[in-house]
Amino acid sequence: MPIINSHYVPLQEPYPIIYYGGTVAMQTGTLIVVYGPGNEVGIRGSVFTSRMTTKSHPVVTYGNKYVSEPRNEWRLNMWSEGVVWDYVQLKDVFTLCFTKQKEINYEAIDVLTTSIRLKEAVNGAYKFRLSTVLKDLENMGIKRPELLSQLLPAAPAHVSMNKNLAKDLVCVRGFGAMFCCVRLGDDMEEIVTEIRRQIADYLMLLKPKEIELTFTTDDPECQDIVDALNNKS
């Protein structure tokens, strides 16, 4: 569709710090693009629309030195300003916190971990790394909550697993803010590997010397996965 107008809306401090597709950045403004009537390309091909539409793209600043773009392109940035995320709309990003906060609270980590991992599992793209997100936030002057270091359970820790009936996902919920989510339709080996990776990502924050996890489930459809995770051989 043809662009008929666009304008930039700068934000005022405190700026939101946002996440999308594995990248954390500070949003300093929004680019609003207005499209006129014309052919719109979608999943079913090109369709003519007679109405005007708008898209809002985040304009961001990177506060960390090495930035991994959602498109898997690595780039060196000491402090890149005015970068337009033209591949994503504002409605698709997650707000982690704001620049004037000294610490991201535990409840926000819990909600964000659950929301992001659910969305990424639906799309079959596992890019979220809690340890990396918290490190990026620290580069922007925002500390991780001290409460995280107090969440290490006594071994062995029981971790429950159940199927999300609405979206055909396997969800693992454990102590603290630990939440893992993978698609049930994936290969068994891929499911087990991804669950273990997500758990390891969370445990890295707690820095345990040694911890034994025992997986349990009330869902018969998850029993094979539980058996594979509990298999120490």
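Numbers at a glance
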{"quantity": "Every residue from the range 117-136 that is closer than 16 Å to ALA25 by Cα and open to solvent by less than 40 Å² (accessible area, probe 1.4 Å)", "calculated": "PHE128, LEU130, SER131, VAL133, LEU134, ASP136"}
{"quantity": "Restricting the range 135-163 to residues that are part of a loop (DSSP other than H, G, I, E, B) and within 22 Å of the chain's Cα centre (by Cα), the residue that is modelled with the highest pLDDT", "calculated": "ILE142"}
{"quantity": "Qualifying residue in the range 4-14 (condition: surrounded by 14 or more Cβ atoms within 10 Å (Cβ to Cβ) and modelled with pLDDT of 90 or more)", "calculated": "yes"}
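The values are calculated or read from the model by the stated rules, or taken from the named source; none is laboratory data. Fair warning: this is a prediction, and the values are worked out from it, not measured in the lab. Cβ sites come from the backbone with ideal geometry, for glycine too, and all protein chains shown count toward neighbours. SASA here: full protein model, heavy atoms, side chains in, ligands and nucleic acids out. Shrake-Rupley method; radii C 1.70, N 1.55, O 1.52, S 1.80 Å.
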